[in-house]
Amino acid sequence: MLHALNKSSGAISLHIPWDIPKDPQSIKALAASHGIRFDAMNSNTFQDQKGQAVSYKFGSLQHVSKAVRDQAIQHNKEVIEYGKALGSDSITVWLSDGSSFPGQLNFRQAFQNTLNGLEQIYRALPGNWKMFIEYKAFEPNFYSMTVGDWGQSLLYASKLGPKAYTLVDLGHHLPHANIEQIVSLLLMEGKLGGFHFNDSKYGDDDLTAGSINPYQLFLILMN
């Protein structure tokens, strides 16, 4: 209905496994009949799902257990397969991995484990696909996040290759962060993958874009 009214809401971004299509070709055809396509697929390695062999309680791609890391990698590969069936051409990876107190995590090993996992997912991308690496200052971990800011995301994306980009969620920054400067630098480096248009009072993404600072959107477009 929104797309019928504004002609600018013509893409849907699914989250797997919440939105697994039972009949991808039928759903794809139905969407096309409304002028809608499927945009970036979103993987979920932050919530234990029914039937999983192991738990993501202490992380996914960063986990000290290879079995947990392998499960997370395989899930992302499955998400790519669902996306291929729906005509998508990108995957967004957001990780809740991190730590809640000092000493819980080896920062460098967590980064390397995560990079190794992302490299395997990256290699599974079809030739025309992109990977968007999202970041968040906290949630559920408040001491450290393994992809906690745009710098960490950019570091992963730069190491992975030309098909990897940073995804900016306007609500995923600490208060008073200069988001327009971040966007400008990512553009300069050719690594700005896209946006999630949310807003935040404290660093989460639970508010409508522009609801706290409407001028923010103008500043981003201006830069």
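The values are calculated or read from the model by the stated rules, or taken from the named source; none is laboratory data. Computed from a predicted model, the values in this text were never measured in an experiment. Backbone-built Cβ (ideal geometry, glycine too); neighbour counts: all protein chains shown. With ligands, DNA and RNA removed, areas are computed over all heavy atoms of the protein, side chains included. Shrake-Rupley method; radii C 1.70, N 1.55, O 1.52, S 1.80 Å.
For the reader, a short list of remarks on this structure follows.
- Qualifying residue in segment 86-95 (condition: at negative phi and open to solvent by 70 Å² or more (accessible area, probe 1.4 Å)): no
- Checked across segment 21-44, the condition of being surrounded by 15 or more Cβ atoms within 10 Å (Cβ to Cβ), among the β-branched types (V, I, T) and within 26 Å of E119 (Cβ to Cβ) holds for no residue.
- Breaking point among (1) under 14 Å from the mean Cα position of the chain (by Cα); (2) farther than 15 Å from F195 by Cβ; (3) open to solvent by 10 Å² or more (accessible area, probe 1.4 Å), for V147: (3)
- Count of segment 96-116 residues which are farther than 16 Å from A164 by Cα and either of a type outside the set (S, T, N, Q) or surrounded by 15 or more Cβ atoms within 10 Å (Cβ to Cβ) (or both): 13
- Residues of segment 49-82 that are farther than 19 Å from F111 by Cβ and touching a residue at least 60 places away in the same chain (Cβ under 8 Å): E78, V79, Y82.
- Of the residues making up segment 117-133, those that are open to solvent by 10 Å² or more (accessible area, probe 1.4 Å) and touching a Ser or Thr at 6+ places or on another chain (Cβ under 6 Å) are K130, F132.
- Looking across segment 45-57, just one residue is surrounded by 17 or more Cβ atoms within 10 Å (Cβ to Cβ) and either at pLDDT below 95 or not β-branched (V, I, T) (or both), and that is Y56.
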